[in-house]
There are 4 protein chains.
Amino acid sequence: MMVIMRDGATDEEVQHLIDKVKSVGLDVHVSRGEFKTIIGLLGDTAKARELPLSAFPGVEKVVPILKPFKLVSRDFKEEDTIVKVGDLSIGGNSFIVAAGPCAVESKDQMVEIAKMVKKAGAGMLRGGAFKPRSSPYSFQGLGEDGLKILAEAREATGLPVVTEVMDAGDVELVAEYADVLQIGARNMQNFLLLKEVGMYEKPVLIKRGLSATIEELLMAAEYVMSGGNPNVILCERGIRTFETYTRNTLDISAVALVKMLSHLPILVDPSHAAGRWDLIEPLSMAAMAVGAHGVLIEVHPNPEDALSDGAQSLKYNKFDLLMDELKKTGAVFGKEM
Amino acid sequence: MMVIMRDGATDEEVQHLIDKVKSVGLDVHVSRGEFKTIIGLLGDTAKARELPLSAFPGVEKVVPILKPFKLVSRDFKEEDTIVKVGDLSIGGNSFIVAAGPCAVESKDQMVEIAKMVKKAGAGMLRGGAFKPRSSPYSFQGLGEDGLKILAEAREATGLPVVTEVMDAGDVELVAEYADVLQIGARNMQNFLLLKEVGMYEKPVLIKRGLSATIEELLMAAEYVMSGGNPNVILCERGIRTFETYTRNTLDISAVALVKMLSHLPILVDPSHAAGRWDLIEPLSMAAMAVGAHGVLIEVHPNPEDALSDGAQSLKYNKFDLLMDELKKTGAVFGKEM
Amino acid sequence: MMVIMRDGATDEEVQHLIDKVKSVGLDVHVSRGEFKTIIGLLGDTAKARELPLSAFPGVEKVVPILKPFKLVSRDFKEEDTIVKVGDLSIGGNSFIVAAGPCAVESKDQMVEIAKMVKKAGAGMLRGGAFKPRSSPYSFQGLGEDGLKILAEAREATGLPVVTEVMDAGDVELVAEYADVLQIGARNMQNFLLLKEVGMYEKPVLIKRGLSATIEELLMAAEYVMSGGNPNVILCERGIRTFETYTRNTLDISAVALVKMLSHLPILVDPSHAAGRWDLIEPLSMAAMAVGAHGVLIEVHPNPEDALSDGAQSLKYNKFDLLMDELKKTGAVFGKEM
Amino acid sequence: MMVIMRDGATDEEVQHLIDKVKSVGLDVHVSRGEFKTIIGLLGDTAKARELPLSAFPGVEKVVPILKPFKLVSRDFKEEDTIVKVGDLSIGGNSFIVAAGPCAVESKDQMVEIAKMVKKAGAGMLRGGAFKPRSSPYSFQGLGEDGLKILAEAREATGLPVVTEVMDAGDVELVAEYADVLQIGARNMQNFLLLKEVGMYEKPVLIKRGLSATIEELLMAAEYVMSGGNPNVILCERGIRTFETYTRNTLDISAVALVKMLSHLPILVDPSHAAGRWDLIEPLSMAAMAVGAHGVLIEVHPNPEDALSDGAQSLKYNKFDLLMDELKKTGAVFGKEM
């Protein structure tokens, strides 16, 4: 932590800050320039971060030097984390496709889709039982019945299941049925939920919030890991910008950056990023090319009848074509699929 | 809902969409232009919204005509809602100031601050017992002990208390102690939490999410009202933009717009919007001038020692001056304080 | 300028950077922490800024310490700059209203509007002769004929005229007719244009770009001032965000910040910020309350017939009411109008 | 254009709007729903767009139905435009790499870089003679001397040259030396400049503005094409968002969308998007995978000495590796390089 004092900060102000910093057990390193005095804090960073340094008289700006995340950091663990979900490995050189409908609608639908996406080569099944919807008047998901249906679809196909958990109070229930617990974009900073899933061993998939920085995404993962659960998968799903032709703006650079900053695997969700099915194929190819460890794809036999997000779902034949493209290209990029 | 077909959409595509719309009990109104065919949907809007119309072949764009919110709408209820919190009225011509520290730190601190802000003219006490913090290593609040302290500060001063509830499972507990339940910006789309507070009568203060549109803020309020709780207060607290001189960008226009679109009261939180104490005074004046029903202000006897957000807290003497300014100006704007 | 080296940067990397910095005549101050080495650059800041320090091996981050602007800075000149436009003073305690149509349409229109806004109390006349339009098929302004009409309206009323200049090659022409040269938001970083107006004495009004930071706005002013023209007026007119209920998001905090950082006057343009007439009144009041030195208001006798931006123009009677409000409130805020 | 009237708009308001629309020669189509009346405008769209319809009493919202661009539209010209630059073809199945330093620094430097990038397989040379810099104290480019050097580098290698023109008054000069005229991001809505380059036959490369929508980018191209110049190349170079780990956020979806909406070729500039060299490789691969027609890459023999943007420039050996990757992958994607 560096504290930059204002032009003309007095000696008293500088000394006052130094005294305070020392009183909590940190040391300082003072550098007096022509215009500015700069005070570096040495010692326990976490303690330094808690001090409201910019509230001190004479302070212009506080600049953090060390990153706020630890356990998720590439500095802390150099080799890639490989999250095991049953036989599936997520991370490293693998490229996985998790596919399925936005919402679980019925047993027949789910089992049919599961069989289809498995046949096409998907490695995981996705589908929402608890649905976060911006309107109270929209379909809110089947709840526990949806979880049971997901488990039946797993039975029928052997595909592991990822599904969203929306509330700390539901984690135990969802963990009974799901193979991966998904934290949705709107809950990325629901810290009680993050703490709760941190107390399980079950893999957790954290979607980046609509306006979350890359650092905040990594801090969400830090919450889970600091609770004791090392099995964290990240997911870039688009951020909110001024552009309106797409629902969100897929931040493809975030994938490459996360891989530099962290050892955790990162997936891309082109369906939610774009909000329209006709961008899923090019964005999936871009995801693979940029180095993502996989994609989440919405698939529906009949998007016109989907109870949620039909506009961003692929039909079976389009999904088949996409899987063919991914396999062909994956070979060039050295990906195991 | 209007559906705009692509140039060259076929008659079959148009008919297919019409058939589908009619099959769910809605009627249509078709308008064929030189280039485009436009299909208007007549009847139950909620039903129309649930159809994934942009997934249909030949569709270019779907344009909602009616607003998605109902109960919160000025069309639904013309006169201003006045939310009563004890003797305090929020809404209409009143301008209220809720003041206090970011986090509850101790009983002595809280009672002292409560007495001070009351003396200066504040109408409500704020302070966090459960704190959403982006780092798991930061102070997370005193929890239930903090709630008890808030209740004691109310005892000592008569000021009603607003405090955050972060989880659906905590609503009952927080409601026991608080006079107003605050939904924080990061939880604005925690729909289970919104549903839960909708089942109480206790007033609810909803802060706008960092990247929430005005419409999404109103939909969050719709969740609470549709659950049966009409006592909703909104709060503009800044949105996330590219500007870095302030922590967030206070969207002052949102206040005026919410007052046109809705009958609910709306406050402004200049402390969180700016993230720096030296903007609180000018932003509070702007909030009053634009028509807000009040402000939330962070006050701390010694910001340098604050356990949370000290940089954006006012000292007592600054708060006194702010209250003087607000009273003087409130008289011109016809505000009851 | 502080250079933060990566964890594990080698001594050679540190030395290499130091050698380079010294070779251009700057001195350094090295601080070795437990994890990081930090190198402070001492001496001519402008020279330090030109070094591509983050391209050096072992560098993690480069942190500017000094602000990049000088002449516009409050540190450089403490007292408020008052820009004189004829008898009008902009800056300090004055609050001026510049009013008029978006585009000059005809002599009769312009003279009529000028008389009306003068009567209502406006201090300056605005109107575009050269219009930046996002479509090549839209009305592009009357050009030099428009400038002549503006001069005639000034003749008829005595009101000084502010109008946009869009191109370095047009500055001489526009300066012949206008009292204040306006640099539009889309040209805020048209550096040749900024340099050109810097070579005149004529006051320059710089509108903040749609995605310009406050620092970039001040740097645009620095371009003009460094050319020798001290008569610069700034204008906040909304930034582009994800919110769609308003055309732009008025960044009201920017006004207060600019007043801290700079001695230059700053106005607010609520018409362009909101893009809708029904927000002009509340946003104008907020502008005054936050400390702006004035507002730019679009006024049109018949917005339905306006050739540009009718939706955000006030009719005469609404403008009269707004002026009354501003005068009444200005008295409380100690503004000279 | 559809006009949606407010709930409770009166018959007079509806009739008033219809009369006005008819008076300019357009026809209307009125649809009265339970709550809302909707008026569709039939006939010349450009005329309809010029009417300030939202200024009319009783109007709630105006919804454009047709896209504002014509000549650039895929509807207007179905097959891909191939822009010829000497022997080079940009568009269709080709993938071109334009490489070179941010700024032209000297003849020796430029000729050396040109030879190197040609050897590695680049098809075009980039380099700035006129540099838009946010500080007046930064290196502003060599101007005409820089143009001459670029021409010499072309002589020496046969590589065509792309360079920025910043001002309408400079177009003739730059066109004398350059093969492609670049419109920089900050000038994307410098409409006089767009009009000027529209009067030449020389290919024009338009970079997307920092906060320009995809539609605005296409409208910039429409300006050039409507002036008579069909040789337009677009370029996605990142947009401004809240994320700070990258200088801008590369909007990779924009590439796929532009290819749907328009027949024009589109390149990607990963150097400016990321602002850091270590993201250039993954972003270039993503650009190819998503379907871009090429990339612009900053290359410098010694980024530490670059006069501009050294931090985002590749060294020779890294550029060689990138070209190898692109060639290998291009084969899979069926790209001609």
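The values are calculated or read from the model by the stated rules, or taken from the named source; none is laboratory data. Note that the coordinates shown come from a computational prediction; the quantities given were computed from them, not determined experimentally. Counting neighbours? That spans all protein chains shown, and the Cβs are built from the backbone with ideal geometry, glycine included. Side chains are part of the model used for accessible areas, which takes the heavy atoms of the whole protein and leaves out ligands, DNA and RNA. Shrake-Rupley method; radii C 1.70, N 1.55, O 1.52, S 1.80 Å.
So here's what we get for this one:
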quantity	calculated
Qualifying position, being at the interface with another protein chain (Cβ under 9 Å from one of its Cβ atoms) and under 20 Å from the mean Cα position of the chain (by Cα), among D:68, D:101, D:57	D:68
Lone qualifier among B:278, B:309 - being in contact with a Ser or Thr (Cβ under 9 Å, 6 or more places away or on another chain), more than 25 Å from residue B:79 (Cα to Cα) and either among the small types (Gly, Ala, Ser) or within 14 Å of chain A (Cβ to nearest Cβ) (or both)	B:309
Checklist (1) more than 14 Å from every other protein chain (Cβ to nearest Cβ); (2) not in a helix (DSSP H, G or I) applied to residue C:166, failing item	(1)
Failed condition for residue D:297, given (1) free of Cβ contacts under 8 Å to residues at least 40 places away in the same chain; (2) over 19 Å from residue D:215 (Cα atoms); (3) of a type in the set (Val, Ile, Thr)	(1)
Breaking point among (1) open to solvent by less than 30 Å² (accessible area, probe 1.4 Å); (2) closer than 18 Å to residue B:203 by Cα, for residue B:86	(1)
Top-ranked residue of region C:1-14 - restricted to ones that are within 14 Å of chain A (Cβ to nearest Cβ), open to solvent by less than 50 Å² (accessible area, probe 1.4 Å) and of a type outside the set (Gly, Ala, Ser), ranked as farthest from residue A:34 (Cα to Cα)	C:5
Residues of region C:4-50 that turn out to be of a type in the set (D, E, K, R) and either within 36 Å of the chain's Cα centre (by Cα) or over 30 Å from residue A:73 (Cβ atoms) (or both), as a count	7
Filter result (at pLDDT 85 or above, within 14 Å of chain D (Cβ to nearest Cβ) and open to solvent by less than 50 Å² (accessible area, probe 1.4 Å)) within region C:15-51	C:17, C:18, C:20, C:21, C:24
Within region A:202-219, considering residues that are in contact (Cβ under 8 Å) with a residue 60 or more places away in the chain and part of a helix (DSSP H, G or I), the one farthest from the other protein chains (Cβ to nearest Cβ)	A:218
Where a residue in region D:6-20 is farther than 25 Å from residue B:64 by Cβ and its partner, wherever it lies, is assigned to a helix (DSSP H, G or I), with Cβ under 8 Å and at least six apart	D:20/C:304
Of the criteria (1) open to solvent by less than 20 Å² (accessible area, probe 1.4 Å); (2) under 26 Å from residue B:167 (Cα atoms), which one residue A:159 fails	(2)
Selection within region C:214-232 - among the β-branched types (Val, Ile, Thr) and touching a Gly at 6+ places or on another chain (Cβ under 8 Å)	C:224
Matching residues, region A:77-93, being modelled with pLDDT under 95 and among the small types (Gly, Ala, Ser)	A:86
Those residues of region B:169-201 which are small (Gly, Ala, Ser) and either open to solvent by 10 Å² or more (accessible area, probe 1.4 Å) or outside any loop (DSSP other than H, G, I, E, B) (or both), in sequence order	B:169, B:175, B:185
Residue list for region A:139-152, filter: in a helix (DSSP H, G or I) and out of contact with any strand residue (DSSP E or B) (no Cβ under 6 Å at 6 or more places or on another chain)	A:144, A:145, A:146, A:147, A:148, A:149, A:151, A:152
Selection count, region D:167-183, where residues are among the aliphatic types (A, V, I, L, M) and within 15 Å of residue D:104 (Cα to Cα)	2
Which listed residue, of A:98, A:120, A:103, is aliphatic (A, V, I, L, M), in contact (Cβ under 8 Å) with a residue 12 or more places away in the chain, surrounded by fewer than 22 Cβ atoms within 10 Å (Cβ to Cβ) and outside the structural domain of residue A:18 (by TED's automatic domain parsing)	A:120
Leading residue by the ranking (most open to solvent (accessible area, probe 1.4 Å)) among those in region C:123-156 that are farther than 30 Å from residue D:212 by Cα and of a type in the set (Gly, Ala, Ser)	C:156
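Per-residue answers, yes or no, for (1) touching a Pro at 6+ places or on another chain (Cβ under 7 Å); (2) within 14 Å of chain C (Cβ to nearest Cβ):
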| site | (1), (2) |
| --- | --- |
| D:262 | no, no |
| D:274 | no, yes |
| D:282 | no, no |
| D:294 | no, no |
| D:299 | yes, yes |
| D:314 | no, yes |
| D:318 | no, yes |
| D:330 | no, no |
| D:335 | no, no |
